[in-house]
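First the structure, in the form of structure tokens, and then the observations on it.
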Amino acid sequence: MSSFKSFEEIISWQKSREFNKNVYIITNNDAFKKDIDLTRQIRRASISISSNIAEGFERNTDKEFIHFLHIAKASAGEVRSQLYIAFDLKYLTESEFESLLSAITEISKLLGGFIKYLQK
């Protein structure tokens, strides 16, 4: 098992927590929040990242933790795809899009590296 004492110590969880906040802020703008389906979907996918990191950690085995980290990483991919849709529909400015895309890409890379570390 990882050397962390709690999931709150995990950098990818910390960054996904901050990302969740930013997704809620950005999806609360007038243009975005009118698209109820996309708003709900991107929020759920975003929350899934931090939730699966936490749930996997609490399982107390590397095998289960890795499984949940894979789910979290897949959710990060889902969010990335949804960001492109939101940008194409002009719900996000270019600056907002680039900032969110950079953050979610970093989270995905952190999760990938963590999975590789735990698989050794």
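The values are calculated or read from the model by the stated rules, or taken from the named source; none is laboratory data. Model, not experiment: these values are computed from the prediction. We place every Cβ from the backbone using ideal geometry, glycine too, and count neighbours over all the protein chains shown.
Restricting to region 70-95, name every residue that is in a helix (DSSP H, G or I), touching a Leu at 6+ places or on another chain (Cβ under 9 Å) and of a type outside the set (Gly, Ala, Ser).
Scanning region 70-95 gives HIS70, LYS73, VAL79, ARG80, GLN82, LEU83, TYR84, ILE85, PHE87.
State whether one or more residues within region 77-84 are among the charged types (D, E, K, R), modelled with pLDDT of 95 or more and surrounded by fewer than 16 Cβ atoms within 10 Å (Cβ to Cβ).
Start the filter on region 77-84 by keeping residues that are among the charged types (D, E, K, R), which leaves 78, 80.
Right, trim to modelled with pLDDT of 95 or more and you get 78, 80.
When the remaining residues are screened for being surrounded by fewer than 16 Cβ atoms within 10 Å (Cβ to Cβ), the result is none.
No, region 77-84 contains no residue that is among the charged types (D, E, K, R), modelled with pLDDT of 95 or more and surrounded by fewer than 16 Cβ atoms within 10 Å (Cβ to Cβ).
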Check: Which one of these is under 30 Å from SER3 (Cα atoms) and not in a helix (DSSP H, G or I): ASN60, ASN52, ASN20?
Finding: ASN60
Next item on the list: Go through region 33-49 and give me each residue that's at pLDDT below 95 and either assigned to a helix (DSSP H, G or I) or on the phi > 0 side of the Ramachandran plot (or both).
Entry: LYS33
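If the requirement is being among the aromatic types (Phe, Trp, Tyr) and more than 19 Å from LEU118 (Cβ to Cβ), which of these qualifies: PHE32, PHE57? Even if it seems obvious, please write down each step before you answer.
On the way: PHE57 fails: more than 19 Å from LEU118 (Cβ to Cβ).
Of PHE32, PHE57, the one residue that is among the aromatic types (Phe, Trp, Tyr) and more than 19 Å from LEU118 (Cβ to Cβ) is PHE32.
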